[in-house]
Structure formats: C-alpha cells, structure tokens
Amino acid sequence: MSDKKSRNTQSKKPKSEVLKGHKKVGTKYLPPFMTYPKLETISWGQDMLLEFLWLALLSDQRGYRVAVQNAIKLSDIMNTVVEESRKRGFNLASDFDEALQGERDEVMSKIDGGLRKSLDSCVGLITKFYPEFPMKWLVSEKWMKEASVGLDGLEQIKNAIRTRRDRTSKLAMECQVLAFVMEGNAGKLTVNSEIARDLNLVSEYPESDESRKMAAQVRAALNALLGHRKKSRTWPNYFLRHSFEISPCEYGSESKDFEKSYPDVMDAVEPKEAVMTVVNKIFEFGEQFENMAQMEFKNMWNDARVDLANPTRHDVIIGLLARNLQLVCDVVQNPGLWIMPISAIIVRCMIETQIRLAWLIKCGNDTDFKDYIEYGLGQEKLYVEHLKRLSVEDRLDKKQIIEDIEGREKWISAQRSTFLLAVDIGGGNKGKDLRVMADEAGILDMHRLGYSPLSSAVHGHWNTIAGLNLTPCLNPLHGRHWLPALPKRPISLSFLFDAVNCYSECFELVSLSFTCKEIESKAVQSYLEQIREVFNSPPERNEGSYSTT
C-alpha cells in the first residue's frame, strides 16, 4: 500500500474538546459571546470602577451604611428633578453630566445636612484633582474655595481604586451592591424580595456560599445594565489621561496578577548562595555529555547501512539528528543559553527539527527527501540572486559580496545545477503545514504543547513580551498599562532538560530507523542521572513542555 493511500485510510480521531463551543471564523475561533452582533464590552478597571469612584470614596469616608443612605438620597433627589425619560439610578458619575442647568440648581437647593457634607468631601476631593469631573457641580462653592487638599487627598483616591481593583474583593462588592441598590430604588430593575434580602449578605461576603452567589448575580446584572446604558468614555478617558499628568508611573514587584512565572528546579536550591556552585557542576556535566553523545552518535552511524546508490534519505536524516546534537551540546555547555527567551527559542528549533525528522522517517518517501534538499538549495539560490542585485551597486563591500556569490554558487553547483534548480517560496514539503506533519507522524501534542506555544518566544508575540519584557505600572490611577522591564533574567534549567529530552527522542528514532534497534542514548541517561544527584529528585519538565510522555 502506498504512503498516500495508507495516510488516507487511517482511522479518524475523535473530535477535540479544545475550544469547545467556539465558532471558527476564518483563522479565528470566537467564544460564544463574540458571535453576538454589536456586542459592547465594559471593563471593571477601565470603566465601571472609575464611574463608581465617588461611591468608593463615600464609603471609605463615611462608612458603608451611611454611604448607602446618602447615595440613595441623592438618587431620589435627582429622579424628582429630571424628566421621566432620564430617570435612572444615578450611580455612574457620567450620569450627572446630563443634568440641565435649571435641574442642577434645583438639585443643589435640595441637598443639605449630612448629604451636603458627604458630597463636598468625596465629590469635592475628586474635583480638586480632576477639574472636569462630571459631578463637580454638586460641590458647594464655599467648600471649593476654603478646602485645602494636599497629596494625602490623592492618596485617598489611589487607595479607593487600589483596594477595589479586584472586582471580587469585599470592598469592590460593597460598591457594586450599592450601585445595584440605587438602580432598584430608581425602578430601573425589578428586585424581588428574595434578592433584596440576599443583598444584605454583602456583610458576610465572601465567607458564605449564599453571599458569593449573591455577588455573582449582582456583577452579572451590572454588566448587562450598565454595559447597555453606558455609551461614552469621556470621564474614564479624561481621568486616565489627566492622571498621567498629575501622578508618575510606579515600578515595583508587588503586582502578581499580571506576572507570568516560569517555575524552575533552581528555585529549590538552598541556600541561594549555592546556585552558582550548582551551575558550575551542571556545566561540567555538559562537557561530559558532549563527549559521550558524539561518541555514541559515531558508533550508531557506523552500524547503519547506507545505500550509496541513493544516499538522499540517509543524508537528510543524519543531518537533522546532527543539527539537534549540535544545539543540545551548545545548550548544556553554555549557561548564557539557560535564560528566557533564548532557551525557549532554541528548544523550539529542536522541536521543529524533531517533527520534520519524525515525519520523514515515518511518512516520507524518496520524493519527500529529494524535495527537502532541493527546497534548501533553492533558498540558497534565492539569496544569491539578492546578493547579485547588490553586487552591481557602488558599495564599499562590493568585492566581498562578489566573493560570497562565487563561493555559494560553487557550493550549490556541487549538488545541483543552478539552471535546473527551482525556488519554492511556499515553505517546502509541497506547502505541507508543520502541524499536519506532526499529526501524520503521530506526535501532534508535540506541536500543540511545544512548538506552537514556544513560537511566541521566536516571533515576540504579546504573551512573551508581556511576561518577560514588560511590567504593569503599579499606580492605581493609571489603570492598566505597562512599563518596560529590563531585569537580569534568572537562570532556568527547565528548557535545558527539554532540549536534552528532545535530542534523546530524536536519537532513539534515528537509531531504530538505521539499525532496527531501539537504542537509548547513554549520554542522556548519564547526564540526567548526574542532575538527579544534584537535586535529589528527577528534573521536572517545564509547563508547556513539548513532550507529554
């Protein structure tokens, strides 16, 4: 049976549960909510929290119970003054910007006593630092003229945001329950007696199951209600931009929620002063590994039978294995390569080589091996053509370019006549995707769990640079933006172990193909045994490691 026919007759695999429920649109898999038309998203930290900032300060300054009374009273006053079509809970700061001048005057005339003191204190504090605050008209002129607010006032605002940045925290939930109550009091949502009773459970939150259930219902209701109602980001945008002008960015290591960790066995080394001693030992093990690996590589090759009439298959296979041997030897002997993202980039190269090697051995025919060689030669020919374009220009390095062209053309011609050599710009393997190759070779998880996630380190996707090259600004007034992080990268051995294991699997695969014997790499076994003795435990693979075996 031909290779092509055997591949087509393979039994179908069960449908993957990964991204179940997502809808494929082009190359994207959309979660269910993104398939709804005109879906408006609203952020807690960038939108809602800034709209509820006055409620947070009111609660901090007057206590939660008094804050509830004052907020509901203000909402009642607003709804007795504004026309029916504009009645609402008046919990968003932006809501107050819609009041007409005549309505504002009437509202101010109805505010007195404790409510006046509360509004001057919390709304006035925000207005002192943010003059375009939509609720500024609620502050008395006397307070604005006489009140003196220093930097401790800005710290109050910072603390109100900082302590509520986690939407599920107790203080944040108190703020959301208060906003929810204001909507219900204004008649903008139906609150039955059971839900109304449950709202009192905020005092127990988050200890009881009932309080956590109530909190989830409140958050969902506010998402729907306020997400539908809020159309302008004028106030949040102004707040964030003005914050940058009045308060500097803050560096620090306190923020763990956005910190991407790379757990490593080196974390277990105690005392920390012993780390370099361990590193030096592992470096010595690397030198021993290279000597043993090169010797067994030669022995395995000497036992192989090469068809000199058609050596293409053997040339490609041994070349791919030699590539991974070179890479793994470089890694184990160079501590400078044990850091992210360099280590991840090298391991990703080795995994790509392993997938290609496995596919060629298990699925490739003579044409596939021939195409592999001619694709590489074609890329070299293309590069030479680009060099020729430069060689006709008046350049200081013109002589070196011409010599480079001659040397490369001679190297290509020794293998193929350049005038008979095609140039494939489609990636080789007749356009076959590496994922398809991994699937056909029976190592799809190697692509899913290794090649694909580590590709982020190669291409510099966001999930890599945000984890390694950026750190969140800790100033709560700045929302969530990032600052450059240029720390000295810690030594990590996780990817070193991945590189060693990758080579081990390649060695076993090639030895079985060439000698029909399952030969394990003694160099790898010895190396890992030495590592176990250092750490008194077997090395653990890094999360996201390419192998699942």
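The values are calculated or read from the model by the stated rules, or taken from the named source; none is laboratory data. If you're wondering where the values come from, they're calculated on a predicted model, not measured in any experiment. Glycine also receives a Cβ, built like all others from the backbone with ideal geometry; neighbour counts cover every protein chain displayed.
Scanning the range 310-333 for residues that are under 18 Å from residue 283 (Cα atoms) and touching a residue at least 12 places away in the same chain (Cβ under 8 Å) yields 325, 327, 328, 329, 330, 331, 332, 333.
Here 317, 351, 345 are screened, and the one residue that is closer than 25 Å to residue 429 by Cβ and out of contact with any Phe, Trp or Tyr (no Cβ under 8 Å at 6 or more places or on another chain) is 345. All of 51, 106 fail the test of being buried (at least 17 other Cβ atoms within 10 Å of the Cβ) and modelled with pLDDT of 80 or more, apart from 51. Here is a check on your reading of the model: is residue 351 among the aliphatic types (A, V, I, L, M), buried (at least 19 other Cβ atoms within 10 Å of the Cβ), touching a helix residue (DSSP H, G or I) at 6+ places or on another chain (Cβ under 9 Å) and assigned to a helix (DSSP H, G or I)? In short, yes. Close Cβ contacts (under 6 Å, 6 or more residues apart or on different chains) running from residues in the range 353-367 that are within 15 Å of residue 447 (Cβ to Cβ) to residues that are of a type outside the set (Gly, Ala, Ser) and not in a helix (DSSP H, G or I) comprise 358/443.
For residue 164, are the conditions met, namely being among the basic types (Lys, Arg), in contact (Cβ under 8 Å) with a residue 12 or more places away in the chain, in contact with a helix residue (DSSP H, G or I) (Cβ under 7 Å, 6 or more places away or on another chain) and surrounded by 16 or more Cβ atoms within 10 Å (Cβ to Cβ)?
yes
The set of residues in the range 310-335 that are within 30 Å of residue 276 (Cα to Cα) and in a loop (DSSP other than H, G, I, E, B) comprises 333, 334. When you check residue 371 against the structure, is it over 31 Å from the mean Cα position of the chain (by Cα) and under 19 Å from residue 509 (Cα atoms), yes or no? In short, no.
Let's see how each residue does on (1) within 39 Å of the chain's Cα centre (by Cα); (2) at pLDDT 90 or above; (3) surrounded by 15 or more Cβ atoms within 10 Å (Cβ to Cβ):
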position: 91; (1), (2), (3): yes, yes, yes
position: 98; (1), (2), (3): no, no, no
position: 118; (1), (2), (3): no, yes, yes
position: 125; (1), (2), (3): yes, yes, yes
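For residue 489, indicate whether it is farther than 30 Å from residue 48 by Cα, touching a residue at least 40 places away in the same chain (Cβ under 8 Å) and outside any helix (DSSP H, G or I). Taking the combined requirement at face value, the residue satisfies it. Within the span defined as the range 401-424, one or more residues are in a loop (DSSP other than H, G, I, E, B), touching a residue at least 40 places away in the same chain (Cβ under 8 Å), touching a Phe, Trp or Tyr at 6+ places or on another chain (Cβ under 8 Å) and closer than 29 Å to residue 347 by Cα. Within the range 115-132, can one find any residue that is charged (D, E, K, R) and either free of Cβ contacts under 8 Å to residues at least 24 places away in the same chain or not in a helix (DSSP H, G or I) (or both)? For the range 115-132, residues charged (D, E, K, R) and either free of Cβ contacts under 8 Å to residues at least 24 places away in the same chain or not in a helix (DSSP H, G or I) (or both): present. With respect to residue 71, is the statement that it is more than 11 Å from residue 174 (Cβ to Cβ) and crowded, with 19+ Cβ neighbours inside 10 Å true? Taking the combined requirement at face value, the residue satisfies it.
Given the options 416, 408, name the one that is within 30 Å of residue 385 (Cα to Cα), modelled with pLDDT of 95 or more and in contact with a helix residue (DSSP H, G or I) (Cβ under 7 Å, 6 or more places away or on another chain).
Just one listed residue meets the conditions, 408.
Please tell me if residue 307 is in a loop (DSSP other than H, G, I, E, B) and at pLDDT 85 or above.
In short, yes.
Any idea which of 16, 85, 6 is at pLDDT below 90, out of contact with any strand residue (DSSP E or B) (no Cβ under 9 Å at 6 or more places or on another chain) and assigned by TED's automatic domain parsing to the domain that holds residue 205? First the steps, then the outcome.
Values: 16 fails: assigned by TED's automatic domain parsing to the domain that holds residue 205; 6 fails: assigned by TED's automatic domain parsing to the domain that holds residue 205.
One residue alone meets the criteria, 85.
Here the condition is being over 27 Å from the mean Cα position of the chain (by Cα) and either at positive phi or in contact (Cβ under 8 Å) with a residue 12 or more places away in the chain (or both); of 26, 21, 63, 45, it holds for 63 alone.
Quick test for you: out of 229, 219, pick the one residue that is modelled with pLDDT under 85, more than 30 Å from residue 332 (Cβ to Cβ), surrounded by 14 or more Cβ atoms within 10 Å (Cβ to Cβ) and of a type outside the set (Asp, Glu).
Just a single option satisfies the conditions, and that option is 229.
Here residue 196 clears all of (1) modelled with pLDDT under 95; (2) part of a helix (DSSP H, G or I); (3) surrounded by 13 or more Cβ atoms within 10 Å (Cβ to Cβ) except the condition numbered (3). When restricted to residues that are outside any loop (DSSP other than H, G, I, E, B) and in contact with a His (Cβ under 9 Å, 6 or more places away or on another chain), the range 450-476 contains 2.
Of everything listed in (1) at pLDDT 90 or above; (2) in a helix (DSSP H, G or I), the single unmet condition for residue 442 is (2). Residues in the range 150-157: is at least one over 35 Å from the mean Cα position of the chain (by Cα), assigned to a loop (DSSP other than H, G, I, E, B) and either at pLDDT below 95 or surrounded by 14 or more Cβ atoms within 10 Å (Cβ to Cβ) (or both)? Among the residues of the range 150-157, at least one is over 35 Å from the mean Cα position of the chain (by Cα), assigned to a loop (DSSP other than H, G, I, E, B) and either at pLDDT below 95 or surrounded by 14 or more Cβ atoms within 10 Å (Cβ to Cβ) (or both), which makes the answer yes.
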